[in-house]
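Working notes for the structure below.
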Amino acid sequence: MKVPYLSNKDIELIAVKFRLEYWGKEIPVDIEIITEQKLNIKIIPISNLIKLASVDALITSKWDAVFTDSFFYFEKENRFRFSLAHEIRHFILHKEIYESLGIENIKDYKNFLII
(Lines give C-alpha, C1' and ligand atoms only; values in the text may rest on other atoms or scores of the structure.)
Protein backbone atom coordinates (compact mmCIF):
# COMPACT_ATOMS: atom_id res chain seq x y z
CA MET A 1 0.00 0.00 0.00
CA LYS A 2 1.44 3.36 -1.03
CA VAL A 3 1.67 6.15 1.55
CA PRO A 4 -0.31 9.13 0.25
CA TYR A 5 1.46 12.47 -0.06
CA LEU A 6 0.30 15.11 2.40
CA SER A 7 1.45 18.70 2.18
CA ASN A 8 2.52 20.60 5.29
CA LYS A 9 -0.79 22.47 5.12
CA ASP A 10 -2.73 19.17 4.95
CA ILE A 11 -0.86 17.85 7.98
CA GLU A 12 -1.44 21.08 9.90
CA LEU A 13 -5.19 20.94 9.22
CA ILE A 14 -5.36 17.29 10.29
CA ALA A 15 -3.42 18.08 13.49
CA VAL A 16 -5.68 21.03 14.36
CA LYS A 17 -8.80 18.93 13.75
CA PHE A 18 -7.42 16.14 15.94
CA ARG A 19 -6.50 18.55 18.74
CA LEU A 20 -9.91 20.21 18.71
CA GLU A 21 -11.71 16.86 18.69
CA TYR A 22 -9.69 15.24 21.47
CA TRP A 23 -8.50 18.20 23.56
CA GLY A 24 -10.17 21.46 22.58
CA LYS A 25 -8.47 24.84 22.34
CA GLU A 26 -6.62 24.63 25.67
CA ILE A 27 -2.83 24.80 25.57
CA PRO A 28 -0.66 22.95 26.46
CA VAL A 29 -2.00 19.70 25.06
CA ASP A 30 -1.55 16.68 27.33
CA ILE A 31 -0.78 13.87 24.88
CA GLU A 32 -0.71 11.31 27.72
CA ILE A 33 -4.32 12.04 28.67
CA ILE A 34 -5.40 11.97 25.02
CA THR A 35 -3.60 8.66 24.49
CA GLU A 36 -4.83 6.83 27.57
CA GLN A 37 -8.22 8.40 28.31
CA LYS A 38 -9.54 9.55 24.93
CA LEU A 39 -8.02 6.94 22.60
CA ASN A 40 -7.90 4.10 25.17
CA ILE A 41 -4.32 3.26 24.25
CA LYS A 42 -2.18 1.95 27.13
CA ILE A 43 1.28 3.41 27.69
CA ILE A 44 3.65 0.60 28.66
CA PRO A 45 7.21 1.44 29.76
CA ILE A 46 9.75 -1.19 28.66
CA SER A 47 13.23 -1.35 30.15
CA ASN A 48 15.88 -0.77 27.45
CA LEU A 49 13.42 -0.55 24.55
CA ILE A 50 15.87 1.66 22.68
CA LYS A 51 18.49 -1.11 22.89
CA LEU A 52 16.02 -3.88 22.08
CA ALA A 53 14.40 -2.24 19.04
CA SER A 54 16.32 0.99 18.29
CA VAL A 55 13.22 3.11 18.96
CA ASP A 56 12.07 5.37 21.81
CA ALA A 57 8.46 4.25 21.43
CA LEU A 58 6.36 1.86 19.37
CA ILE A 59 2.58 1.72 18.82
CA THR A 60 0.82 -1.55 18.08
CA SER A 61 -1.11 -2.11 14.87
CA LYS A 62 -4.31 -2.73 16.86
CA TRP A 63 -3.92 0.70 18.53
CA ASP A 64 -4.19 -0.76 22.02
CA ALA A 65 -0.71 0.00 23.38
CA VAL A 66 2.33 2.21 23.01
CA PHE A 67 5.56 0.70 24.28
CA THR A 68 8.03 3.33 25.44
CA ASP A 69 11.56 3.18 26.76
CA SER A 70 11.27 3.35 30.54
CA PHE A 71 14.24 5.72 30.86
CA PHE A 72 12.52 8.33 28.70
CA TYR A 73 9.17 7.68 30.40
CA PHE A 74 10.51 8.23 33.91
CA GLU A 75 13.50 10.56 33.37
CA LYS A 76 13.07 12.53 30.12
CA GLU A 77 9.49 13.80 30.02
CA ASN A 78 9.88 16.05 26.96
CA ARG A 79 11.50 13.29 24.90
CA PHE A 80 8.81 10.83 26.01
CA ARG A 81 5.97 13.22 25.13
CA PHE A 82 7.50 13.90 21.70
CA SER A 83 7.88 10.17 21.03
CA LEU A 84 4.32 9.51 22.18
CA ALA A 85 2.98 12.24 19.88
CA HIS A 86 5.03 10.75 17.03
CA GLU A 87 3.43 7.33 17.58
CA ILE A 88 -0.06 8.84 17.71
CA ARG A 89 0.75 10.48 14.38
CA HIS A 90 0.85 6.97 12.86
CA PHE A 91 -2.69 6.47 14.20
CA ILE A 92 -3.86 9.75 12.66
CA LEU A 93 -2.08 9.80 9.30
CA HIS A 94 -1.47 6.17 8.30
CA LYS A 95 -4.08 4.11 10.12
CA GLU A 96 -4.88 1.57 7.36
CA ILE A 97 -1.24 1.09 6.38
CA TYR A 98 -0.07 0.62 9.94
CA GLU A 99 -2.91 -1.81 10.73
CA SER A 100 -1.79 -3.99 7.81
CA LEU A 101 1.69 -4.41 9.34
CA GLY A 102 0.44 -6.60 12.19
CA ILE A 103 2.86 -5.21 14.78
CA GLU A 104 1.71 -6.26 18.25
CA ASN A 105 4.99 -6.48 20.14
CA ILE A 106 8.71 -5.79 19.92
CA LYS A 107 9.41 -9.09 18.15
CA ASP A 108 6.86 -8.26 15.43
CA TYR A 109 8.47 -4.85 14.97
CA LYS A 110 11.96 -6.34 14.64
CA ASN A 111 10.66 -8.92 12.14
CA PHE A 112 9.06 -6.11 10.13
CA LEU A 113 12.43 -4.34 9.95
CA ILE A 114 14.10 -7.46 8.56
CA ILE A 115 11.62 -7.84 5.69
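The values are calculated or read from the model by the stated rules, or taken from the named source; none is laboratory data. Predicted model, so just to flag it, every value in this text is computed and none were measured. Here Cβ is always computed from backbone atoms with ideal geometry, including for glycine, and neighbour counts include all displayed protein chains.
Quick notes on this structure:
- Any hit, segment 14-25, residues being more than 16 Å from residue 92 (Cα to Cα), hydrophobic (A, V, I, L, M, F, W, C) and in contact (Cβ under 8 Å) with a residue 24 or more places away in the chain: no
- When segment 55-73 is filtered for residues that are in a strand (DSSP E or B) and among the charged types (D, E, K, R), only 69 remains.
- Top-ranked residue of segment 77-93 - restricted to ones that are over 19 Å from residue 53 (Cβ atoms) and under 14 Å from the mean Cα position of the chain (by Cα), ranked as modelled with the highest pLDDT: 81
- Qualifying positions in segment 42-58 - of a type in the set (A, V, I, L, M), more than 13 Å from residue 107 (Cα to Cα) and surrounded by 21 or more Cβ atoms within 10 Å (Cβ to Cβ): 57
- Residue identified as over 21 Å from residue 17 (Cβ atoms) and among the β-branched types (Val, Ile, Thr) among 88, 92, 103, 97: 103
- Residue 17 being loosely packed, with under 12 Cβ neighbours inside 10 Å and charged (D, E, K, R): yes
- So residue 52, is it assigned to a helix (DSSP H, G or I), in contact with a strand residue (DSSP E or B) (Cβ under 8 Å, 6 or more places away or on another chain) and aliphatic (A, V, I, L, M): yes
- Pairs meeting the criteria (first residue in segment 98-115 and over 10 Å from residue 53 (Cα atoms), second residue at pLDDT 90 or above and among the hydrophobic types (A, V, I, L, M, F, W, C), beta carbons under 7 Å, at least 6 apart or on different chains) are 112/101; 112/103.
- Exactly one residue out of 12, 36, 26 is outside any loop (DSSP other than H, G, I, E, B) and surrounded by fewer than 12 Cβ atoms within 10 Å (Cβ to Cβ): that is 12.
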